1. Output yes when any residue across the range 39-52 is over 21 Å from the mean Cα position of the chain (by Cα) and either modelled with pLDDT of 95 or more or buried (at least 20 other Cβ atoms within 10 Å of the Cβ) (or both), and no when none is.
2. If you go through the range 278-300 one residue at a time, do you hit one that is out of contact with any strand residue (DSSP E or B) (no Cβ under 6 Å at 6 or more places or on another chain), of a type in the set (Gly, Ala, Ser), at pLDDT below 95 and within 18 Å of Pro225 (Cβ to Cβ)?
3. Which count do you get for residues in the range 228-255 that are among the β-branched types (Val, Ile, Thr) and free of Cβ contacts under 8 Å to residues at least 24 places away in the same chain?
4. Could you check how many residues of the range 180-215 are part of a loop (DSSP other than H, G, I, E, B) and out of contact with any strand residue (DSSP E or B) (no Cβ under 6 Å at 6 or more places or on another chain)?
5. In the range 260-270, what residues are part of a loop (DSSP other than H, G, I, E, B) and loosely packed, with under 15 Cβ neighbours inside 10 Å?
6. Could you pull out the residue among Thr149, Thr91, Thr143 that is outside any helix (DSSP H, G or I), crowded, with 21+ Cβ neighbours inside 10 Å and hydroxyl-bearing (Ser, Thr, Tyr)?
7. Which of the residues belonging to the range 237-261 are of a type in the set (S, T, N, Q) and more than 23 Å from Ala164 (Cα to Cα)?
8. Provide a single number: the residues in the range 212-236 that are surrounded by fewer than 20 Cβ atoms within 10 Å (Cβ to Cβ) and either of a type in the set (Phe, Trp, Tyr) or closer than 16 Å to Ala165 by Cα (or both).
Amino acid sequence: MKIQSLIIIAGLSLASAFAANQKPELATTPYKVIPVAGTVSLLQGPGGNIAVCAGADGLVMVDDGYAGSAAQIQLALRRISDQPLRFVVNTHLHDDHVGANAFFQKQAPVIAQSNVRRRLAAGTNVLGRAVPPEAAGALPQVTFDDAVTLHLNGEEIRVIHLPAAHTDGDSVVYFVHANVLHMGDLFVTYGFPFIDLDNGGHVKGMIAAIDKVLTLVPADVKVLPGHGDVCTVADMKAFAAMLQETSARVAAGIAQGKTVQQLQQEKVLAGFEKWTGGFLSANKIIEFLYRDLSAPVQSGT
């Protein structure tokens, strides 16, 4: 079986997991509100983690979950503060992080890296699932290329783009005074991560992004992964080390002329079993890494 066919099969099975989350019960599934530090709280529920900075100047929200969860997210915001929403930041384009853009942009502008708006406007493909172009109201109204900083609630909120990583539009958000970092899906705790090759993602870029972020924040920063509970720098370093070693093993197999099937049969990722309990199995991450590392190097990536 060819590499592309393997990736399509893997993508279709994972796309079904995405579709399963788009259910009517999203409208009635509440979010937990977890104080993190300073003005920053974490909202946890369906979809990706949401960070909220609250104070006298209003609310800044990082990511906004699935479209179907908008009402429950709104209720969670009201539990934090009755101040108005001032800004929404998108960490990347996936619908478990930006699905409620249209709902919340009626209250406040959405900010995102330029590639997020471009891909949402054009429509794309995620895990074999066609994603149609978004309506105008769901497209970020404010875009940036490299970085933008917000100043509200006595907080300095730095939004920093990391290119060609989980996607080509990833941003991390650092709340300087609270010392809290939202990583989007550049760092997750469910196991092997999804690297969206069809939307500009690359494993080497993901490793480089984590390494870069670690130079920008102190060692005691509180880390909010895209999915999972509050973490530490040590957790991020372990995640990056896993990506480095697994990609090195697959790259070595490619250099030896081995096929995807051979690497799977040889269990080339033996020793990384603890990372297989979530989104991707070892065989599927081998397929994604093989496709990524076999591709010609593109200028600027």
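The values are calculated or read from the model by the stated rules, or taken from the named source; none is laboratory data. Predicted, not measured: the structure shown is a model, and the values here were computed from it. Glycine gets a Cβ as well: all are built from the backbone with ideal geometry, and neighbour counts include every protein chain shown.
1. yes
2. Yes - at least one qualifying residue is present in the range 278-300.
3. 2
4. Matching residues across the range 180-215 total 14.
5. Glu266, Lys267, Ala270, listed by residue number.
6. Answer to the check: Thr91.
7. The answer is Gln256, Thr259, Gln261.
8. The total comes to 2.
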